[in-house]
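What follows is calculated from the coordinates using simple rules that are stated; it is not laboratory data. Computed from a predicted structure; not experimentally measured. Glycine gets a Cβ as well: all are built from the backbone with ideal geometry, and neighbour counts include every protein chain shown.
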Amino acid sequence: MRLRALSQPRRISAGWDCSRRPGGSFPRTMENKVLMSFAFYSTILILKMYVVAIITGQVRLRKKAFANPEDALRNGGLQYHREDPDVERCRRAHRNDMENIFPFIFLGAIYSLLDPSPSVARIHFFIFCVGRIVHTVAYLLKLKAPTRSVAYSVAQLPCFSMALQILLATTPYW
Amino acid sequence: MRLRALSQPRRISAGWDCSRRPGGSFPRTMENKVLMSFAFYSTILILKMYVVAIITGQVRLRKKAFANPEDALRNGGLQYHREDPDVERCRRAHRNDMENIFPFIFLGAIYSLLDPSPSVARIHFFIFCVGRIVHTVAYLLKLKAPTRSVAYSVAQLPCFSMALQILLATTPYW
Amino acid sequence: MRLRALSQPRRISAGWDCSRRPGGSFPRTMENKVLMSFAFYSTILILKMYVVAIITGQVRLRKKAFANPEDALRNGGLQYHREDPDVERCRRAHRNDMENIFPFIFLGAIYSLLDPSPSVARIHFFIFCVGRIVHTVAYLLKLKAPTRSVAYSVAQLPCFSMALQILLATTPYW
């Protein structure tokens, strides 16, 4: 009977309760370190997106530029139902995140299940994460071109690599 | 040999055919009730998004406001290639769903694998689901502020809770 | 002890290292053919979305229409910080992809875990994939209505089918 130290970090459970097996001695949980690493970086990026959403709201309030008449009415009057370049910039950053971070989450999850080298996988996730954070900072602070485009392109490299590896592994099953 | 009653609901399969094991007596399927609950609420929300898409199309036809010249041509002429505030409202509701429901789907899936208490997990999913449905209703029916913002904020609470729990579990693997 | 031929394609790993089990003779990997097929078609569609993003960038450069002043400055001057109908068309195609391909990825992943018939599942994925590729071609090449809408509607059929099957399987766990 194999005991798991209580001090160990919680692991991602397969959801399949092996303890039901008569005489079973399995750990109840999965030990996919790559999936854990993927979950960490992806969650950081989702939180980063939430921060962009919060910034957008703050800029709307500060610049008094609301997308909906009902919001403008509550914040000074219908004349504030208008567009603002800084709000639009936040929205473009957010949209670009959706166009790129959501695909990463799909590719990274499947890639994590393909049994890749944990250190190589972590490099993929790390490069993407840093690239996207730099992208957001460059976008919101209006850094000089091509800072933002370079960050975008660097972040795409691990995505193309993962997509290629998934296709190599799954093409026999098309 | 453990038999599974045929009347039981179909379960999420791990995809790993345990019956191949010589002398195996495993059920073929996973029994992650949290994952099943997560799948239920997420599917409801995806269907809700499809409903917003269908409503957008209906409003486009009713208000005669088409985003593409080829659609306007088919529906009365190029003068109907134009914007409309009600169509834009539907599109904002849909975009806000993408900004929030897709992250929930990622967070909820990982959280479901962390072996949480089923009742606590269900509360997370339920609050998010109700919050997002109220958000859409408030958006499309132009309910007075801050109904929509409150629904948005309430729905974010389980998301932040799940993100925090994922980070606590996965930080050792960064 | 069951040996896995090296010539076999790599399989999606459950992440649960069965070889740790004393005396274990499990393969280390999942053999969910439906999940592999799903991963293949989804990755094709994600790459298709990346192509739309690249086309958008090329159209911006060719038509000299940049969303950000810093990009316009680098490409000829602030007068090129402007909108362009062809760029907006690419962006609408990309947004429509986000509205539909991301939900497919969620539905397809859960559906793959529900132990569906592999051939029926593949038909679902194939129809969606072809429908979305036709949708993009019809959008970017401005094909006559209703080509694009028909492609959109056909692609939604497997999504509704999968959503229904997920609800049937998960409703007991709401």
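Note the distances from C:P85 to each other copy's matching label point, with points 7 Å along the Cα-to-beta-carbon direction, in nm, sorted shortest first.
Between copies, matching label points for C:P85 lie 2.6, 2.6 nm apart.
Nm distances between the label at B:S153 and the same-position labels in the remaining copies, 7 Å along Cα→Cβ, shortest first?
4.3, 4.3
Explain nothing, just the number: dipole magnitude of segment B:31-173 about its Cα centre with +1 on each Lys and Arg Cβ and -1 on each Asp and Glu Cβ, in debye rounded to the nearest 20. Don't skip to the answer; put the middle values down first.
Numbers: 17 positive and 10 negative charges, 120 e Å.
Rounded to the nearest 20 debye, it is 580 debye.
What nm value, rounded to one decimal, do you get for the distance between B:L143 and C:T171 when each label is placed 7 Å out toward the C-beta?
Modelled inter-label distance: 2.6 nm.
Ranked by Cβ crowding within 10 angstrom, fewest neighbours first, how are B:H81, B:H94 ordered? Before the final figure, lay out each step's value.
Details: B:H81 18, B:H94 21.
Least crowded to most crowded, the residues run B:H81, B:H94.
Given a cut-off of 21 Å, name the pairs among A:K63/B:K64; C:K63/C:K142; B:K64/C:K144; B:K63/C:K63; A:K48/B:K33 whose C-alpha atoms lie farther apart than that in the structure shown.
On the way: A:K63/B:K64 33 Å; C:K63/C:K142 17 Å; B:K64/C:K144 18 Å; B:K63/C:K63 31 Å; A:K48/B:K33 30 Å.
Long pairs (Cα-Cα over 21 Å): A:K63/B:K64; B:K63/C:K63; A:K48/B:K33.
Hey, if you drop one equal point scatterer on each alpha-carbon of segment A:32-78 and run the Debye formula without solvent, what base-10 log of I(q)/I(0) do you get at q = 0.26, 0.27 Å⁻¹?
After summing over all Cα pairs, the log10 values are -0.87, -0.90.
Only loop residues by DSSP count here, and only those with at most 13 other Cβ atoms within 10 Å; note down the GluC sites (Glu not before Pro) in segment A:65-100 that meet that. Intermediate values should be presented prior to the final figure.
On the way: sites: A:E70, A:E83, A:E88, A:E99; in loops: A:E83.
Loop-located and lightly packed - A:E83.
Hey, rough spin-label estimate for C:F160 and B:L157, points 7 angstrom out along Cα→Cβ, what's it come to in nanometres?
It works out to 3.6 nm between the two label points.
When the convex hull of the Cα atoms of segment B:55-155 is projected onto a plane and the area is averaged over all directions, what value comes out in nm²? Working shown, then result.
On the way: hull surface 30.8 nm².
Result: a mean projected hull area of 7.7 nm².
Which trypsin sites (Lys or Arg not before Pro) does segment A:53-157 hold that lie in a coil by DSSP with at most 13 other beta carbons within 10 Å?
On the way: sites: A:R60, A:R62, A:K63, A:K64, A:R74, A:R82, A:R89, A:R91, A:R92, A:R95, A:R122, A:R132, A:K142, A:K144, A:R148; in loops: A:K64, A:R82, A:K142, A:K144.
In loop regions of segment A:53-157 (DSSP not H, G, I, E or B), the sparsely surrounded trypsin sites (Lys or Arg not before Pro) are A:R82, A:K144.
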